[in-house]
Amino acid sequence: MQNKLKIFNDPIYGFITIPNSLIFDLIEHKYFQRLRRISQMGMSYLVYPGAHHTRFHHALGCMHLMQKAVNVLRFKGIDISADEEQALYMAILLHDIGHGPFSHAMEHSIVNGVSHEEISLLFMEQLNKDFNLSLTLAIQIFKGEHPRKFLCQLISGQLDMDRADYLKRDSFYTGVAEGNINSERLITMLNVVDNELVVEEKGIYSVEKFLVARRLMYWQVYLHKTSLAAEQLLIRVLKRAKELTSLGVDLKASAALQFFLKQEITSENFNRETLDVFARLDDYDIIAAMKEWQFHEDFVLKNLCDMLINRDLLKVKLKNKKIKKEKLQVHAQKLMETYGISNEEANYFVFTGEISNQAYQIKKQHINILYKNGKIQDIIKASDQLNLKALSKTVTKYYICYPKEKL
Ligand SMILES: Nc1nc2c(ncn2[C@H]2C[C@H](O)[C@@H](COP(=O)(O)OP(=O)(O)OP(=O)(O)O)O2)c(=O)[nH]1
């Protein structure tokens, strides 16, 4: 019999153990192995060259933190059955399995209006069939439908194992030290009151650090203007490729990518066949296609791909106010005159948009602090850190992208 008690060596936590053979079999499954080829942070590696980690690393890290959380909560007398424990590991391991190439960067270009969470659920339902319904409880928790709310909050909440891993991991791989939160201490401070997750009073400063780090990582790393420009170019590559395909132009691409270029997939027609093809698609299909397409005769496709492959990106300016259409037109006009292209073609290289982030989504759910006397209070009230309230405000910024001197 194959030894299934493997140990992974993780650069952040050290050894990560696989709790049992069913979890091992899930990790071995081709759906999960695909995550080795999905970049965790999209195109951020064009700005932070170290950020080449994948959804595979992240999923294992989350499972490791979940093991710690289960131990801590049980130690504090919270009853978690063996089935619930197993379901927590499966749900966190698979929570991102629906991410497509380059994670968020391409979320709405491969398929139309189907989120990665919805696709994760479809994968889980398929795996549930393949694994004799052993994922039923995990699915209930993932969908947020379990009556013991804290189980769902550990998977998806203001302070879940997902965020606890990705902030620390992304900080490590990018080298942006300010994002390095103390996930293990945060977990040690967790407790459960009335079936909801709370953080013990001693953990206030760790929660403050977590929220500040989250804000910083969004503005300095995830929404960095250069990776933003790269991700926008990536979206436009797919858009142009789909457009050319619909006009009958034959583009070299893997069979899986061809499928998504030719069909308009939405939630309504996302079926078992679509899932199988989606499971064969990863970053490599996109990179290989762009390496071919940079020599295509279509001006737009060729230049978009060339910019990404050779990292010769657009100029980006961030503003606090909406950018006027006239500003855009000046740049578009210049392109049209220089290259003899249409306004529509120029718009692939000249565009505006907005980005926003809210470090603490107070309306969605609270991070509650538990005092020794049993009182519970939201972190914003519990903290004497004046800036914390500001972290619950949505900050929006506007950007304009246009080519540098020449394409
Ligand atoms: N390059 C890049 N990375 C991003 C962007 N948005 C998020 N990320 C990265 C940062 C984290 O590693 C990860 C967070 O996204 P996930 O899909 O794991 O979680 P989710 O969207 O549920 O995040 P949340 O629960 O809202 O914090 O993705 C983006 O716009 N660009």
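The values are calculated or read from the model by the stated rules, or taken from the named source; none is laboratory data. Here the structure is a predicted model, which is why all the values come from computation and not from measurement. For neighbour counting, all protein chains shown are included, and Cβ atoms are generated from backbone atoms with ideal geometry for every residue, glycine included. Keep in mind that these areas ignore ligands, DNA and RNA; they rest on the heavy atoms of the full protein, side chains included. Shrake-Rupley method; radii C 1.70, N 1.55, O 1.52, S 1.80 Å.
Mind listing just one residue for me: the one in segment 201-223 that is aliphatic (A, V, I, L, M) and within 16 Å of the chain's Cα centre (by Cα) and, of those, modelled with the lowest pLDDT?
Start the filter on segment 201-223 by keeping residues that are aliphatic (A, V, I, L, M), which leaves 204, 207, 211-213, 216-217, 221, 223.
From what's left, within 16 Å of the chain's Cα centre (by Cα): 217, 221, 223.
On the way: Met217: 96, Val221: 96, Leu223: 93.
The qualifying residue modelled with the lowest pLDDT is Leu223.
Just to be sure before I move on: is Tyr13 within 16 Å of Phe102 (Cβ to Cβ), of a type in the set (Ser, Thr, Tyr) and either modelled with pLDDT of 95 or more or in contact with a His (Cβ under 6 Å, 6 or more places away or on another chain) (or both) in the structure I sent? Answer is no for this residue.
Which members of segment 98-142 meet the condition of being touching a residue at least 60 places away in the same chain (Cβ under 8 Å), aliphatic (A, V, I, L, M) and assigned to a helix (DSSP H, G or I)? Matches in segment 98-142: Ala105, Met106, Ile119, Leu122, Leu127.
If you go through segment 141-150 and pick out every residue that is over 23 Å from Glu208 (Cα atoms) and open to solvent by less than 60 Å² (accessible area, probe 1.4 Å), you end up with 5. Within segment 361-404, if we keep just the residues that are within 16 Å of the ligand (Cβ to nearest atom) and within 30 Å of Gln329 (Cα to Cα), the residue that is surrounded by the fewest Cβ atoms within 10 Å (Cβ to Cβ) turns out to be Thr394. Scan segment 236-255 and report the pairs whose first residue is of a type in the set (S, T, N, Q) and whose second residue is surrounded by fewer than 17 Cβ atoms within 10 Å (Cβ to Cβ), with Cβ atoms within less than 7 Å and a gap of 6+ or a chain change. Listed pairs, sorted by first residue: Thr245/Lys262; Ser254/Ala288.
Please specify each residue of segment 258-278 satisfying the condition of being under 21 Å from Leu247 (Cα atoms) and aliphatic (A, V, I, L, M).
Narrowing segment 258-278 to residues under 21 Å from Leu247 (Cα atoms): 258-266.
Hits for segment 258-278 are Leu261, Ile265.
Mind checking which residues of segment 167-219 are under 20 Å from Tyr48 (Cα atoms), open to solvent by less than 30 Å² (accessible area, probe 1.4 Å) and part of a helix (DSSP H, G or I)? Within segment 167-219, Leu167, Arg169, Asp170, Ser171, Thr174, Gly179, Ala213, Arg214, Met217 meet the criteria.
Conditions (1) at negative phi; (2) open to solvent by 20 Å² or more (accessible area, probe 1.4 Å); (3) among the aliphatic types (A, V, I, L, M); (4) within 15 Å of the ligand (Cβ to nearest atom), marked per residue:
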{"site": "Leu73", "(1), (2), (3), (4)": "yes, no, yes, no"}
{"site": "His95", "(1), (2), (3), (4)": "yes, no, no, yes"}
{"site": "Val114", "(1), (2), (3), (4)": "yes, no, yes, yes"}
{"site": "Asn128", "(1), (2), (3), (4)": "yes, no, no, no"}
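For segment 1-22, the tally of residues that are touching a Leu at 6+ places or on another chain (Cβ under 7 Å) and β-branched (Val, Ile, Thr) stands at 2. When segment 97-112 is filtered for residues that are at pLDDT 95 or above, in contact with an Asp or Glu (Cβ under 7 Å, 6 or more places away or on another chain) and within 11 Å of the ligand (Cβ to nearest atom), the ones remaining, listed by number, are Gly98, Phe102. A count restricted to segment 272-306 and to residues that are assigned to a loop (DSSP other than H, G, I, E, B), farther than 17 Å from Asp250 by Cα and open to solvent by 80 Å² or more (accessible area, probe 1.4 Å) stands at 1.
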